[in-house]
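A short write-up of the structure that comes next.
The values are calculated or read from the model by the stated rules, or taken from the named source; none is laboratory data. Computed from a predicted structure; not experimentally measured. Counting neighbours? That spans all protein chains shown, and the Cβs are built from the backbone with ideal geometry, glycine included. For accessibility, only protein heavy atoms count, side chains too; no ligands or nucleic acids. Shrake-Rupley method; radii C 1.70, N 1.55, O 1.52, S 1.80 Å.
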Amino acid sequence: MEPQKHSLVGRLCGSSISHMRRFLFDVLSAGPIPNHVAFILDGNRRYARKWKLGEGMGHRAGFLSLMSLIKYCYELQIKYISIYAFSIDNFKRKPHEVKYVMDLMLEKIEGMLKEKTIVEEYGVRVYFIGDLKLLDDNVRHAAEQAMKATAKNSRSILLICVPYTSTDEIVHAAEESCEQLCDELQALKPSGAPFGKISEELHEMVHAAQESSEQLGNELQALKPSGAPFGKINEIAKEKLSGTPFGKINEIAREKLSGAPFGKISEIMNGKEEEKPEEREQGEANGEKREDKSEEKSKEPSEEEKHEELGKEKQGDFPNGEKLENASEEKQELSNGKLEEKSEEEQKGFVKEMKEVQPNIKLSDIERNMYMGVAPDVDILVRSSGETRLSNFLLWQTWNGLLYSPKALWPEVGLEHLVWAILNFQRAHPLFEKRKKQF
């Protein structure tokens with residue numbers, strides 16, 4: 001009879017405690033409930049020394065406390081729970097301590113996969129957050145199996161940070177963002193061109209300008225009698241083409257785009273590659289000098305008079321590019337400056353399009369590639385042992401959260417500490433919401 005009485009009393013006590021806890025949670029639910037609570041498990045070894053327990057027993061006691069707190073959080077309908085189980089810096093500890101923690105972690109993960117008590121009861125999905133490559137093969141395999149087994153659960157999320165540091169997470173996110181940006185640019189890139197569609201159009205334009213130059217040169221060459229001043233015409237045409245926007249585009253394509261997708265190109269996008277006034281004045285001066293030289297040369301040879309009539313019959317008013325009766329419409333526009341105007345408009349369009357695809361890594365890219373990108377920012381961070389340091393844990397995600405630091409060692413943390421943390425959060429909640437709106 002005695003064992004039955006003790007069993008009955010235990011059930012009654014457990015039932016009454018459960019009802020009292022449920023009532024307490026109903027009262028707390030009248031105010032705002034945090035969506036994400038994180039725990040730093042600090043003080044396991046000190047707890048073992050305090051109570052003169054064997055080595056490693058402090059971690060086992062801490063695990064029991066953790067299970068109780070996770071259960072309370074799920075009863076309060078807190079969806080996201082993060083725990084700082086093992087830091088990357090902890091690998092610097094004594095090898096036998098590291099091995100014991102890893103063995104304990106493997107034991108608990110395998111136990112969770114077999115029993116699935118809390119996982120099934122509350123629909124928990126488990127994530128292991130951090131650089132999993134640093135784990136032993138058997139621990140990493142067990143962690144991957146746990147994530148796969150709980151992948152369909154969505155009611156609650158448990159994030160186990162092991163091995164983890166926030167600085168490593170931020171560096172990882174930056175590297176991933178850079179790699180994704182490079183992949184996007186590579187997808188736009190045709191062979192030999194650093195900027196996809198825009199570069200392709202630039203090359204087409206340069207090719208068209210070169211063909212026009214060659215065709216015009218060939219026609220002018222065909223019109224040139226031996227020893228006549230019409231040989232100068234070909235040189236004038238080439239000089240004129242090299243001074244048009246086609247020459248500028250060719251320079252951009254060959255010198256600026258080649259091998260420098262993040263350097264000079266950004267200057268081109270921002271419109272810093274425009275021709276300087278000094279260079280324009282120098283070009284005009286050089287043009288005047290060329291015209292003067294052509295006039296002097298036209299006066300010197302007497303053969304010009306001999307072929308003047310022949311030149312006028314075949315080309316009309318020449319050699320300064322007023323009209324080409326036998327040339328195509330494109331060459332007439334070139335001689336009249338119309339093609340130059342069109343190419344400048346097209347060039348402005350290309351620069352505008354370049355600005356739209358300018359390489360840039362945004363804040364959203366960094367946050368998306370965080371290890372903790374599967375969860376929102378932390379509302380409450382609980383660190384035991386009275387410590388107020390974050391210890392390289394969730395530095396990015398705790399910018400607008402409450403830090404609660406009870407003096408109790410981690411295995412001593414219980415329901416009363418969680419309740420006080422939530423009450424402090426509810427008191428400061430208006431300030432947190434105001435900060436969110438500001439940012």
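Can you confirm whether the range 386-394 contains a residue that is among the aromatic types (Phe, Trp, Tyr) and not in a loop (DSSP other than H, G, I, E, B)?
No, the range 386-394 contains no residue that is among the aromatic types (Phe, Trp, Tyr) and not in a loop (DSSP other than H, G, I, E, B).
Evaluate the following for Ala173: is it under 33 Å from the mean Cα position of the chain (by Cα), within 19 Å of Ala375 (Cβ to Cβ) and crowded, with 17+ Cβ neighbours inside 10 Å?
Here the answer is yes, as Ala173 does meet what is asked.
Can you go through Ala38, Ala48 and tell me which one is open to solvent by less than 40 Å² (accessible area, probe 1.4 Å) and without any contact (Cβ under 8 Å) to a residue 24 or more places away in the chain? Walk me through how you get there before you give the answer.
Working: Ala38 fails: without any contact (Cβ under 8 Å) to a residue 24 or more places away in the chain.
After applying the criteria, what remains is Ala48.
Out of the range 153-170, which residues are open to solvent by 60 Å² or more (accessible area, probe 1.4 Å), touching a residue at least 60 places away in the same chain (Cβ under 8 Å) and within 23 Å of Arg125 (Cβ to Cβ)?
Result: Arg155, single match.
Can you confirm whether Ser29 is open to solvent by less than 40 Å² (accessible area, probe 1.4 Å), more than 35 Å from the chain's Cα centre (by Cα), among the polar types (S, T, N, Q) and within 26 Å of Gly123 (Cβ to Cβ)? So that I can check it myself, show each step before the final result.
Details: open to solvent by less than 40 Å² (accessible area, probe 1.4 Å): no; more than 35 Å from the chain's Cα centre (by Cα): yes; among the polar types (S, T, N, Q): yes; within 26 Å of Gly123 (Cβ to Cβ): yes.
The answer is no for Ser29.
Go through the range 111-120 and count every residue that is in a helix (DSSP H, G or I) and open to solvent by less than 80 Å² (accessible area, probe 1.4 Å).
The number of residues fulfilling the criteria is 5.
Taking the range 51-81 as the search range and keeping residues that are open to solvent by less than 60 Å² (accessible area, probe 1.4 Å) and in a loop (DSSP other than H, G, I, E, B), which one is nearest to Val126 (Cα to Cα)?
Here the answer is Ile78.
Residues in the range 364-385 that are outside any loop (DSSP other than H, G, I, E, B) and not basic (Lys, Arg): how many?
The total comes to 11.
Restricting attention to the range 415-431, does a residue exist that is in contact (Cβ under 8 Å) with a residue 40 or more places away in the chain, surrounded by fewer than 19 Cβ atoms within 10 Å (Cβ to Cβ) and not in a helix (DSSP H, G or I)?
Looking through the range 415-431, none of the residues is in contact (Cβ under 8 Å) with a residue 40 or more places away in the chain, surrounded by fewer than 19 Cβ atoms within 10 Å (Cβ to Cβ) and not in a helix (DSSP H, G or I).
Can you work out which of the residues in the range 82-99 that are touching a strand residue (DSSP E or B) at 6+ places or on another chain (Cβ under 7 Å) and not hydrophobic (A, V, I, L, M, F, W, C) is surrounded by the fewest Cβ atoms within 10 Å (Cβ to Cβ)?
Applying the filter and picking the extreme gives Ser87.
Under 7 Å between Cβ atoms, at least 6 apart or on separate chains: pull out the pairs that start in the range 11-35 with a residue that is within 26 Å of Asp377 (Cα to Cα) and among the hydrophobic types (A, V, I, L, M, F, W, C) and end on any residue that is open to solvent by 60 Å² or more (accessible area, probe 1.4 Å) and in a helix (DSSP H, G or I).
Within 7 Å, the pairs are Phe25/Glu75.
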